Amino acid sequence: EAQVTQNPRYLITVTGKKLTVTCSQNMNHEYMSWYRQDPGLGLRQIYYSMNVEVTDKGDVPEGYKVSRKEKRNFPLILESPSPNQTSLYFCASSWRQTYEQYFGPGTRLTVT
Amino acid sequence: QKEVEQNSGPLSVPEGAIASLNCTYSDRGSQSFFWYRQYSGKSPELIMSIYSNGDKEDGRFTAQLNKASQYVSLLIRDSQPSDSATYLCAVRVYGGSARQLTFGSGTQLTVLP
């Protein structure tokens, strides 16, 4: 089954404790992206990757890091989480020709 | 400036009616346009993509694009209660390194039985 998976689905953590949210896709897509979704602000792009070892900032990259060492994986790293990073996070992937994105199930992160 | 605007709604239509959702964008370099549906608590799901001016139909859904006026719309014919969801418009801007998607904040649609 073609899918994008994210782990964990739910996470409660404390300020400053480093965390990683994993994202994996099995469709051999070149393009992968991370979004956060907040009430009233919609989906905002954090980082995206056009291919292995190629990443770039989206609209709200501050406080986040990403890496793309393998085509299928695109982890999101919060080195020192803060309460304003409490949000619903989505990973997505697509073919680079179309950008028709498939979304993962989401990760609800709470930083206290 | 990459900005995508949608009426937040809520938009209510009776079952069987046509629901019309609109989206405007500010960047004339926009190349690709997408409509996603998002049920409460779920992830966005692609409904339609449109790349050139005019209409594109898929079942009960029709996307309309007018690049001169910088708007894209989604029509849902014979609306069903199962269409009740938030509809997100997304725009891809191509230019330099700005090959990224920008989403509108969504329009909440309720189809009344």
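The values are calculated or read from the model by the stated rules, or taken from the named source; none is laboratory data. The structure displayed is predicted, hence computed values, not measured ones. Counting neighbours? That spans all protein chains shown, and the Cβs are built from the backbone with ideal geometry, glycine included. We work out accessible area using only protein heavy atoms, side chains counted, and drop any ligands, DNA or RNA first. Shrake-Rupley method; radii C 1.70, N 1.55, O 1.52, S 1.80 Å.
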- Message: Buried accessible area between A and B (1.4 Å probe, both chains summed, ligands and nucleic acids excluded), in Å² to the nearest 100?
- Response: 1600 Å²
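Beyond 28 Å, what share of the Cα-Cα pairs of the protein assembly as shown remains, rounded to the nearest whole percent?
Working: 7517 of 25200 pairs.
Tail of P(r) above 28 Å: 30 percent of Cα pairs.
Tell me, what is the percent relative contact order of chain A, built from C-alpha pairs under 8 Å that lie six or more residues apart?
Reported as a whole number, the value is 36 percent.
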- D (Stokes-Einstein, µm²/s), Kirkwood Cα radius, chain A, 1.567 mPa s at 4 °C: 94 µm²/s
- Task: Round to the nearest 10 and report in Å² the accessible area of B:R37, as given by a 1.4 Å probe over the protein chains' heavy atoms.
- Result: 40 Å²
- Query: Could you give me the ³J(HN,Hα) list for the stretch B:105-113, computed from phi with Karplus coefficients 6.51, -1.76, 1.60 and θ = phi - 60°, whole Hz, x at Gly and Pro?
  - Reply: 7, x, 10, 8, 10, 10, 9, 8, x
- Item | Normalised convex hull volume, chain B, alpha-carbon set, Å³ per residue | 93 Å³
- Residues other than B:I76 with Cβ under 15 Å of its Cβ, Lys/Arg counted +1 and Asp/Glu -1, net out at -3
- Task: Work out how much length A:T5 to A:L41 would gain on full extension: take 0.36 nm times their residue separation and subtract the Cα-Cα distance, in nm to one decimal.
- Result: 10.6 nm
- Can you flag which of A:K57/B:K67; A:K17/B:K42; A:K17/A:K71; A:K18/B:K42; A:K69/B:K56 are past 29 Å Cα-Cα? A:K69/B:K56
- Query: With springs only between Cα atoms under 10 Å, which of B:A68, B:A19, B:A90 fluctuates most in a Gaussian network model of chain B?
  - Reply: B:A68
- Computed accessible area, B:Y51, all protein chains, 1.4 angstrom probe, square angstrom: 80 Å²
